[in-house]
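Here is the structure we will look at, set down as structure tokens.
What follows is calculated from the coordinates using simple rules that are stated; it is not laboratory data. Bear in mind the structure is a predicted one, so any value in this text is a computation, not a measurement. All Cβ positions, even for glycine, are placed from backbone atoms using ideal geometry, and neighbour counts span all protein chains on display.
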Amino acid sequence: MSFRFTIAAVAVGLITTSGLAATAAPTTGTTSTVSTVAAAPARAKYVYLTFDDGPSTPYTAQILKILRAYGARATFFEIGRNVARYPSLTRRVDQMGNSVQNHTWSHPNLRKVSSATFRSQVQKTDRYIRAQTGYTPRCLRPPYGATNKLVSRRAAALGKSIRLWTIDTRDWSRPGTSVIVRRALANVHSGSVILMHDGGGNRSQTVAALPKILRTLKARGYGFTTMSCT
Ligand SMILES: [Zn+2]
């Protein structure tokens, strides 16, 4: 037995199983014209998840797995010497559709280094990231968010834009999973840049918080994309 869904059946609200649809008689025997009502274009809402200080084991791989499960992409500001230690992790971050960007070679306060040190911190990291991803990072996140006009000028001279954040989960201080979740969600809006860490210590709380953050934001209609670094 087969049933035909008709536009008429839909129009009278009998969008249901084929069994019930059988009770709705088509109003005409003529061919229906299917007209689709264009949905109002949904304004895309995005949050930028960012992870600093990696790559590290086992946290970076755990975070990648969670991001993939939620169809989310993130931006990883990696430390050059960690890239040198775990090159295949950096490659995986990139291959899974995330963005790998520059967080210096050894995490110094860029306000306090010489011009030569600034350059080597950035360019050495560039080289190691490029070897794994094939591209040169265009974004630089200064450690501790320590920036000023000189840091910006030096960054620009090396072709970098400074990228900070708008929401600091302070996950590195291990305040507890629920606190990390609450901080990530507290004042979030479209365009928010959320700071978390996949390196620099035990990040198990960050890993535990991430699915809850992603689930909640997804339910609120947010997508997750990489920061623009071109
Ligand atoms: Zn950092």
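Calculate the dipole size of segment 45-224 relative to its Cα centre from +1 charges on Lys and Arg beta carbons and -1 charges on Asp and Glu beta carbons; express the result in debye to the nearest 20.
Working: 30 positive and 8 negative charges, 46 e Å.
Dipole size: approximately 220 debye.
In this structure, the amide hydrogen of ARG170, modeled 1.01 Å from its nitrogen in the peptide plane, lies closer than 5 angstrom to no residue at least 5 positions away or on a different chain. Backbone amide hydrogens, once placed in the peptide plane, bring CYS139 within less than 5 Å of ASN102, SER161, excluding anything fewer than 5 places away on its chain. Under the classification rounded if a/c is under 1.5, otherwise prolate if a/b is larger than b/c and oblate if not, where does segment 99-230 fall, given a ≥ b ≥ c as square roots of the Cα gyration tensor eigenvalues? Here segment 99-230 falls in the prolate category.
Using the structure shown, list the pairs from LYS124/LYS160; LYS160/LYS212; LYS65/LYS218; LYS45/LYS160; LYS65/LYS124 with a Cα-Cα distance above 23 Å, or answer none. Each step should come with its number before you reach the end.
Numbers: LYS124/LYS160 14 Å; LYS160/LYS212 33 Å; LYS65/LYS218 17 Å; LYS45/LYS160 26 Å; LYS65/LYS124 28 Å.
LYS160/LYS212; LYS45/LYS160; LYS65/LYS124, as the Cα separations exceed 23 Å there.
Considering only alpha-carbon pairs that sit under 8 angstrom and 6 or more positions apart, the relative contact order computed for segment 91-155 is 44 percent.
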